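Only one structure is covered here, and it is reproduced in the block below.
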Amino acid sequence: MIKCYPFNLLFVNIALICLDVVLAFIAFFQLCRIHLRNQRVGWTRQKVLHLMIGSSNCGYFIYFLCMVVATCKRWLCWSNVCGFVLMALPKILFLAAFLLLLSFWADLCHKANDEEDGDEENSSRKPLLETSKTKVGLSNIDIRRKCCSFQGIRVGSRQKFVIVVIVLNVLLIIAFAAIIRIEQKNPSDSLVFARVYIDFLATLVLLMGVALGCYGFLLFSKLRRVRSEKASSEMRKVVGLAVVSVLCFTSSSLIALFTDVLLFHHWNPEKINGIKAPILLILHHVLGSSVPFAFGLWFMRELPAPSTSNRQVQPRAITFISYGPAGRHHHQYWPTSTSLEKQVSRTSPN
């Protein structure tokens, strides 16, 4: 295999495969812990985010593995439809995960003026995809139905926007794959279409990074008026992920826009715009995927409070995607933060 694939690129591919496997394992392991901790609650944003992160890293694992195998086995479809689809799908899951996070931050910043979700005031532990509450004395069958069934799905307006964006991107992938398939006899034309989609996706990621930075700054300015240890902790999380998002998304988008790093399935990847391919591949994947995912998993490492059948756990102020036991709020020390605290509690991802 070394003879049919450059050794330096092979080493980089193996390293990136191992990195993706580790991140996927952490995401799915944490998802299992959250589910076992809180089985009576349906699909929360925390669970969905872990599922998307794990699935995206599994997709990257398949892509990098197939990149080596297809080159050595000389798969005819790899330089056209197969390589393009396997390159694009993990990025869509990546986009979905951070758009979901962005929608949560937007809920926190605009909840006071959003009347659509007013019925969620006393349901901060309501799941993302389920509106019915867990009742006392639910049987194991009822619990399984609640966790696995998608009947009565209801999502907020901003989550609907996330779903629309992702569905449109999937449709674009299908359309571009069909065009590339039709134009496979003319490699230059199929390459142009692949380039157009890559530029579009890179621009979308760049805009998402800017949006996360802006909403992160808004949340930071609101949290500065909240006098509590929890608010300080959430401020660090918001600022940390906002800065990481802006830096990493901007860097990876510029690499995708001005180089051919995402066209490895089409080119001989030994040289790309005069820069060694391994450097570009590492920078784009690590900055554009691995680092943001790692920060997200670290910030979401807290487990939710265990669900109970006879009482409702009162939420504490949460501005990220973390869970915790009930806490007492001393409002006499927060004369300027009552509105923010209500928004945070009402839009908890639980």
Flagged in segment 25-48 as open to solvent by 10 Å² or more (accessible area, probe 1.4 Å) and under 18 Å from GLY288 (Cβ atoms), in numbering order, are none
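For every residue, the table says whether it meets (1) more than 17 Å from MET87 (Cα to Cα); (2) open to solvent by less than 50 Å² (accessible area, probe 1.4 Å); (3) modelled with pLDDT of 85 or more.
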position	(1), (2), (3)
GLY213	yes, yes, yes
ARG224	yes, no, no
ALA242	yes, yes, yes
PHE258	yes, no, yes
HIS265	no, yes, no
Please work out which one of (1) surrounded by fewer than 16 Cβ atoms within 10 Å (Cβ to Cβ); (2) under 26 Å from PHE176 (Cβ atoms) is the condition CYS66 fails and give its number.
-> (1)
Residue satisfying condition, being part of a helix (DSSP H, G or I), under 29 Å from SER190 (Cα atoms), in contact with an Asp or Glu (Cβ under 7 Å, 6 or more places away or on another chain) and of a type outside the set (A, V, I, L, M, F, W, C), within set ASN8, ASN80, ASN57, ASN13 = ASN57
Provide a single number: the residues in segment 167-194 that are assigned to a helix (DSSP H, G or I), open to solvent by 10 Å² or more (accessible area, probe 1.4 Å) and touching an Asp or Glu at 6+ places or on another chain (Cβ under 8 Å).
-> 2
Might you check whether a residue that is within 26 Å of ILE279 (Cβ to Cβ), in contact (Cβ under 8 Å) with a residue 12 or more places away in the chain and of a type in the set (Gly, Ala, Ser) occurs anywhere in segment 29-52?
-> no
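The values are calculated or read from the model by the stated rules, or taken from the named source; none is laboratory data. These numbers come from a predicted model, not from an experiment. Because the Cβ atoms are built from the backbone with ideal geometry, glycine has one as well, and the counts that use them run over all protein chains shown. Each accessible area value is taken on the protein alone, full model and side chains, heavy atoms only, with ligands, DNA and RNA left out. Shrake-Rupley method; radii C 1.70, N 1.55, O 1.52, S 1.80 Å.
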